[in-house]
Each structure stands twice: as C-alpha cells, then as structure tokens.
Amino acid sequence: MLEERWTELADVKDELAKRDWFMGTSGNLAIKVSDHPLRFLVTASGKDKRKRTAEDFLLVDEFGHAVEETHLKPSAETLLHVEIYRKTNACCSLHVHTIDNNVISEVYGDNGEVTFKGQELIKAFDKWEEEAVLKIPIIRNYAHIPTLAHAFSEHVSGDTGAVLIRNHGITVWGRNAFEAKKILEASEFLFRYQLRLLEHKPYQLFKVV
Ligand SMILES: CSC[C@@H](O)[C@@H](O)C(=O)COP(=O)(O)O
Ligand SMILES: [Zn+2]
C-alpha cells in the first residue's frame, strides 16, 4: 500500500514538473495511506520537486508529524493537507505556485473569490448543469502556517475542491491522485483563459457574474 501510494504520488509529481509548476522549491503534494489512524505521505520540505529521489516523501500522522525518526522535514504547509484529510474523504492534495494562479489571486483577491461561468472545463469539478458556476475562494497568505491552515480550513468541504492563496498558489484535493490532478489542470486552464480574456475584454474584470 505504502509503496503503491508512493509511486502514484511520485508519478503525479513528475507530471506536474513537466508542466514547470515547481519553480524554485515551491509546491507540495500529499496522498493518504490510511484512515484509522490517519497517515499520509507528504513531500519533504525545501526540496526541488522536479527531481525524483528516494527521499521525496515521508509518512506523517494526523498532526502532520513524521511517524518515524528521520532527518527529513515534512512540508512547511503540511497543516493545510491535514485540514483536507481531517474534513473530507479526499485521498490526494496538491499545491503549486504558478504565475497564472498568482496573478488571478491578486486580480480577484479583494473579492475573496474568482467566478467562472460558461466554460466547458467547469465539468472537471463535477458540475454538469448547463449554466454551471464555479467559484474558487481566495484567502490571504499568512506567514504563520497554523493561521493559514485555519483560514484555509473554512473553505474545505466536499471530497474535491480548490482554494487560492493570494500571491502564493493554489491547493486542490480529490478522491484520488487522478482526480486531484484533473482539478488542478482544469483550474490552471481556467486561470490562463481568464487572463487571456482580460487582455481582450478588460471590462470583464468588473463584471459580476
Ligand atoms: C520557497 S518556495 C515557497 C514555500 O515557502 C512554500 O510555499 C512551498 O510551496 C514549498 O514549501 P515546502 O516546505 O517545500 O513544502
Ligand atoms: Zn506554497
């Protein structure tokens, strides 16, 4: 089980790396290994997530603490992943910093959310109705991680979801690695689309959907 999950997460990490979504040492990923007790693999802190090594992940508990003695440190943002597994049935959570998600979070940050409507890729969020509306919350970026995790937690519900952290990045979750990656890719598509649209129709910025 542990090995399977490790490989699954390492494969997703490689795919996101191919898209160049791990600038600097940014980004962190997690995958659930067991429910009772809660155990999940999370990326080790401060690493270049574009590299694949035997020390990429470590197993942590429901507090985000390493389960075994190790020189590795869990991701600085492990508490956000803890909130996801504490509050939902999600099994995988992904966090990336991209230029697009940062710009979107700044442009729409004062609204506390960004809204999408009439875009086919909204279906990736399991919204199949004709005029589906997708709202992605945008929270403030706190340097103090327990405070950030608390603010983040208010928007964590449902087994799939996404939250933007202003001028920082996005964290998404899904029932498995495939679904979390789908949500992440769809979000980044929508952000790029919205930014391109604003170049051509700047008034869209002020339109309330
Ligand atoms: C130096 S990059 C940004 C980090 O502060 C953080 O936001 C991040 O995404 C990666 O931190 P990490 O502790 O490696 O999981
Ligand atoms: Zn981050």
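Bear in mind these aren't lab numbers, they're just calculated from the coordinates by the rules spelled out. Just so you know, these numbers come straight off a predicted model, no measurement behind them. We place every Cβ from the backbone using ideal geometry, glycine too, and count neighbours over all the protein chains shown.
The residue that is farthest from ligand 2 (Cβ to nearest atom), counting only those in the stretch 72-99 that are of a type in the set (Val, Ile, Thr) and part of a loop (DSSP other than H, G, I, E, B), is Thr88.
The C-beta contact set for the stretch 59-79 (first residue within 15 Å of ligand 1 (Cβ to nearest atom), second residue among the polar types (S, T, N, Q), distance under 6 angstrom, 6+ apart or interchain) comprises Gly64/Thr78; Lys73/Ser45; Ser75/Asn28; Ser75/Thr43; Ser75/Ser45; Ala76/Ser45; Glu77/Asn28.
Go through (1) within 15 Å of ligand 1 (Cβ to nearest atom); (2) more than 26 Å from Leu164 (Cβ to Cβ); (3) out of contact with any Asp or Glu (no Cβ under 7 Å at 6 or more places or on another chain); (4) not acidic (Asp, Glu) for His36 and report which single condition fails. Unmet for His36, out of (1) within 15 Å of ligand 1 (Cβ to nearest atom); (2) more than 26 Å from Leu164 (Cβ to Cβ); (3) out of contact with any Asp or Glu (no Cβ under 7 Å at 6 or more places or on another chain); (4) not acidic (Asp, Glu): (1).
Checking Ala180, Ala124, Ala151 one by one, the residue that is more than 13 Å from the chain's Cα centre (by Cα), closer than 27 Å to Asp11 by Cα, part of a helix (DSSP H, G or I) and aliphatic (A, V, I, L, M) is Ala124 and no other. Scanning the stretch 78-92 turns up no residue that is surrounded by 12 or more Cβ atoms within 10 Å (Cβ to Cβ) and farther than 21 Å from His150 by Cα.
For the stretch 166-207, the set of residues classified as farther than 14 Å from Phe116 by Cα, of a type in the set (Phe, Trp, Tyr) and either touching a helix residue (DSSP H, G or I) at 6+ places or on another chain (Cβ under 9 Å) or within 16 Å of ligand 1 (Cβ to nearest atom) (or both) consists of Trp173, Phe178, listed by residue number.
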